[in-house]
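Here the structure comes first, spelled out in structure tokens, and everything after it is commentary.
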Amino acid sequence: MSDRIKAGIVGATGYTGVELLRLLAAHPNVDVCAVTSRSEAGIAVADYFPSLRGVYDLAFQAPDEADLAQCDVVFFATPNGVAMKEAPALLAQGVRVVDLSADYRLQDIPVWEKWYGMAHASPETVARAVYGLSEMNRDGIARAQLVANPGCYPTCVSLALLPLLKAGRLKENMPLIADCKSGVSGAGRKANVGTLFCEAGDNFKAYGVGGHRHLPEIKQTI
């Protein structure tokens, strides 16, 4: 019996997907056996991402054609709202799931629905999710069948504050200010005027000033 891990990736054409492909290609015990994309089904991974030529000989498959149940672990590199619909069926078949979107990050369903603007499709599954901040939940992640990968801002803010909190260096009711910056790649690959080079190059702007959906995730961790 092989001890190699068979991995699948749902929605592997975005920036998160290609970075995941690169990382898994370097893992000594992982074989990526299925990659899905609704828009690029039939296209070779190496043709879509030239940087992966000679690394993968896989082609993207439509999600309903890929045999994801054969995988030991499936990563969802999808927009918010996809994993919560598709992950429960895989979990029921014993497949481990790592969700890179926000579908399982918040344990408070009404708060999640408020910030993400949709009804949660599998609220009964949320309690099973382990928050994937390895510096805080390493043992739980190792045992989990469902891992909710943290957001970018919650990761950088939490990693900075957790040691101070554990050491008792922060006073009760002390206001915490997190001054965070991110590049436009964080907005994904979709076409958007605000992320065009002529708009974003040599530029700097605030966004989400009235409230950011990563805020409740940070509060939950802290």
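The values are calculated or read from the model by the stated rules, or taken from the named source; none is laboratory data. In this text the structure is predicted, and so the values were computed from the model without any measurement. Every residue, glycine among them, receives a Cβ derived from its backbone with ideal geometry; neighbour counts consider all protein chains shown.
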Quick one: how many residues across region 69-120 are crowded, with 19+ Cβ neighbours inside 10 Å and basic (Lys, Arg)?
1
Taking only pairs six or more apart or across chains, which ones have beta-carbon atoms under 7 Å, a first residue in region 62-82 that is more than 21 Å from Val30 (Cα to Cα) and small (Gly, Ala, Ser), and a second residue that is modelled with pLDDT under 95 and part of a loop (DSSP other than H, G, I, E, B)?
Ala62/Arg38; Ala62/Ala41
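Considering every residue within region 142-150, establish whether at least one is surrounded by fewer than 12 Cβ atoms within 10 Å (Cβ to Cβ) and assigned to a helix (DSSP H, G or I). Spell out how you get there, then give the answer.
Going through region 142-150, the residues surrounded by fewer than 12 Cβ atoms within 10 Å (Cβ to Cβ) turn out to be 142-143.
Retained after the next criterion (residues that are assigned to a helix (DSSP H, G or I)): 142-143.
There is at least one residue in region 142-150 that is surrounded by fewer than 12 Cβ atoms within 10 Å (Cβ to Cβ) and assigned to a helix (DSSP H, G or I).
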Please determine, by comparing only the residues of region 175-203 that are of a type in the set (Gly, Ala, Ser) and over 25 Å from Val157 (Cβ atoms), which one is modelled with the lowest pLDDT.
Ala191
I'm checking my understanding of the structure. Among residues of region 1-15 that are in contact with a helix residue (DSSP H, G or I) (Cβ under 7 Å, 6 or more places away or on another chain) and assigned to a loop (DSSP other than H, G, I, E, B), which one is surrounded by the most Cβ atoms within 10 Å (Cβ to Cβ)?
Ala12
Of all residues in region 17-41, which are under 25 Å from Val82 (Cα atoms), out of contact with any strand residue (DSSP E or B) (no Cβ under 6 Å at 6 or more places or on another chain) and without any contact (Cβ under 8 Å) to a residue 24 or more places away in the chain?
Glu19, Leu23
Which of the residues belonging to region 181-217 are within 17 Å of the chain's Cα centre (by Cα) and polar (S, T, N, Q)?
Ser182, Ser185
Quick check on my filter: what residues within region 60-95 are at pLDDT 95 or above, closer than 17 Å to Lys6 by Cβ and acidic (Asp, Glu)?
Asp72
